[in-house]
Amino acid sequence: MLNIINSMLTPKVDTLLAVAEYLNYTKAAQVLSLTQPAVSQHIRQLESDYDVTIFRHGEKPLMLTREGEILTQYAQKLKNLHERMLEQIENERKRKKQIVVGMTRTSVSSDFVELISKFGSLTNFEQVQIRTADVDSLLSMLRNYSLDFAVIEGNAPETEFYCLSIDTEQLFAVVSPQNPLAHRSAVTLDELKHQKLILRSSPAGTRTLWESQLQSLFETLDSFNVTMELDSNEAIKSLVQKNCGVSILSERSCKKEAESQQLVLLPIENKRMMREVSLVCLKDSVQVDTLKELKKVYDRNLKQKHKVVANKYRAAD
């Protein structure tokens, strides 16, 4: 087994991953600064080591066999895990603590970045790297050991991941103060059908929840006037502020704009769209305890904020 692992951590794994990415021996050779015969030899050696056929030779474009797909997936995981191991060993030598956190774009635009930063200070992490992506991509990065843990909206498969819910948040219809709907206490689905909708692109968590809620009401997006789909919450909020359309966003992502009255948040009549915010890591990860500690920090911060708000109301009375 050790010989197999050592085999995968030689330059042959870089060759395998390059050919799998470009599906072209010549391109892979150029990227790796190798000759094409050297690339072919690396692939043949791996096929011999594992007694598999990695690529369907003779087909254009080049294609991975099913065995080749499995080998490539685990090769990527082993490479990432090996690099993280070397990184952590080096950090230990330097007495340097580092953590890599994945976050959705909605999480980044909320107060979770501040939470991670505060947690890093409390636990003496000298460097915190934050990588943003959609939920599916973050889960893939966790599977490949590219992240220590992630902050996501919703949950992850319990068979693979340790998932710790830390909060819930509600989705609202978000409108400009200039929109006639801004003076309403709530908005109906029929009223939204007459608005220009600016939505997050699929598979963003906000978009997924909105579509699932519509399905539960026997509705689809086809009944709405979706004029634009964007990956950026900030771009969507900017367009809504200019009254270019209406969106569906989480309360947390629009908190500052709502408090400054740049945006108006309207609940959807007779429908409360709620989702969990969770901390996620692999089930066998050493970061399970980290997530538990992070939740404690979050809960303490939440209690402090509630106390501040309560004191303000008492002072006002």
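The values are calculated or read from the model by the stated rules, or taken from the named source; none is laboratory data. Note that the structure is predicted; figures quoted are calculated from it, not measured. Cβ: placed from backbone, ideal geometry, glycine included. Neighbour counts: every protein chain shown. Heads up: the accessible areas ignore ligands, DNA and RNA and are worked out on the full protein's heavy atoms, side chains in. Shrake-Rupley method; radii C 1.70, N 1.55, O 1.52, S 1.80 Å.
Table for the structure above
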{"read-out": "Residues within the stretch 30-65 that are hydroxyl-bearing (Ser, Thr, Tyr) and under 12 Å from VAL19 (Cα atoms), tallied", "value": "1"}
{"read-out": "Pick from the stretch 281-291, criterion of a type outside the set (Asp, Glu) and open to solvent by 90 Å² or more (accessible area, probe 1.4 Å), ranking: nearest to the chain's Cα centre (by Cα)", "value": "LYS283"}
{"read-out": "Failed criterion for SER247 (all others in (1) surrounded by fewer than 16 Cβ atoms within 10 Å (Cβ to Cβ); (2) of a type in the set (Ser, Thr, Tyr); (3) more than 21 Å from SER165 (Cα to Cα) hold)", "value": "(1)"}
{"read-out": "Subset tally (residues that are of a type outside the set (Asp, Glu) and in a helix (DSSP H, G or I)) for the stretch 125-162", "value": "8"}
{"read-out": "Residue match in the stretch 196-205 (condition: open to solvent by 20 Å² or more (accessible area, probe 1.4 Å), assigned to a helix (DSSP H, G or I) and at pLDDT 85 or above)", "value": "no"}
{"read-out": "All positions within the stretch 30-65 that are β-branched (Val, Ile, Thr), surrounded by 12 or more Cβ atoms within 10 Å (Cβ to Cβ) and not in a helix (DSSP H, G or I)", "value": "VAL52, THR53, ILE54, THR65"}
{"read-out": "Positions within the stretch 227-253 being more than 20 Å from LEU189 (Cβ to Cβ) and assigned to a helix (DSSP H, G or I), in sequence order", "value": "ASN233, GLU234, ALA235, LYS237, SER238, LEU239, GLN241, ARG252, SER253"}
{"read-out": "Complete set of residues in the stretch 15-29 that are open to solvent by 60 Å² or more (accessible area, probe 1.4 Å) and touching a residue at least 40 places away in the same chain (Cβ under 8 Å)", "value": "LEU23"}
{"read-out": "Residue count for the stretch 97-124, restricted to those that are in contact with a helix residue (DSSP H, G or I) (Cβ under 8 Å, 6 or more places away or on another chain), assigned to a loop (DSSP other than H, G, I, E, B) and either modelled with pLDDT under 75 or over 23 Å from LEU209 (Cα atoms) (or both)", "value": "5"}
{"read-out": "Set GLU169, GLU234, GLU158: member being open to solvent by 60 Å² or more (accessible area, probe 1.4 Å), modelled with pLDDT under 90, under 24 Å from SER260 (Cβ atoms) and not hydrophobic (A, V, I, L, M, F, W, C)", "value": "GLU234"}
{"read-out": "Residues within the stretch 12-66 that are on the phi < 0 side of the Ramachandran plot, of a type in the set (Gly, Ala, Ser) and more than 30 Å from the chain's Cα centre (by Cα), tallied", "value": "4"}
{"read-out": "Filter result for ILE268 (at pLDDT 85 or above, within 22 Å of VAL151 (Cα to Cα) and among the hydrophobic types (A, V, I, L, M, F, W, C))", "value": "no"}
{"read-out": "Boolean, LYS256 is in contact (Cβ under 8 Å) with a residue 24 or more places away in the chain, out of contact with any Leu (no Cβ under 8 Å at 6 or more places or on another chain) and among the basic types (Lys, Arg)", "value": "no"}
{"read-out": "Positions within the stretch 206-224 being part of a helix (DSSP H, G or I) and among the polar types (S, T, N, Q), in sequence order", "value": "THR206, THR208, SER212, GLN213, GLN215, SER216, SER223"}
{"read-out": "Hits in the stretch 266-280 - residues which are of a type outside the set (A, V, I, L, M, F, W, C), surrounded by fewer than 17 Cβ atoms within 10 Å (Cβ to Cβ) and closer than 25 Å to PHE161 by Cα", "value": "GLU276"}
{"read-out": "Per-region count, the stretch 209-257, residues closer than 14 Å to VAL174 by Cβ and acidic (Asp, Glu)", "value": "3"}
{"read-out": "When residues of the stretch 250-265 are limited to those that are open to solvent by less than 10 Å² (accessible area, probe 1.4 Å) and at pLDDT below 90, the one farthest from THR208 (Cα to Cα)", "value": "CYS254"}
{"read-out": "All positions within the stretch 127-180 that are without any contact (Cβ under 8 Å) to a residue 24 or more places away in the chain, out of contact with any helix residue (DSSP H, G or I) (no Cβ under 9 Å at 6 or more places or on another chain) and of a type outside the set (Ser, Thr, Tyr)", "value": "GLU158, PRO180"}
{"read-out": "Residue within the stretch 211-224 that is within 20 Å of VAL277 (Cβ to Cβ) and free of Cβ contacts under 8 Å to residues at least 40 places away in the same chain present", "value": "yes"}
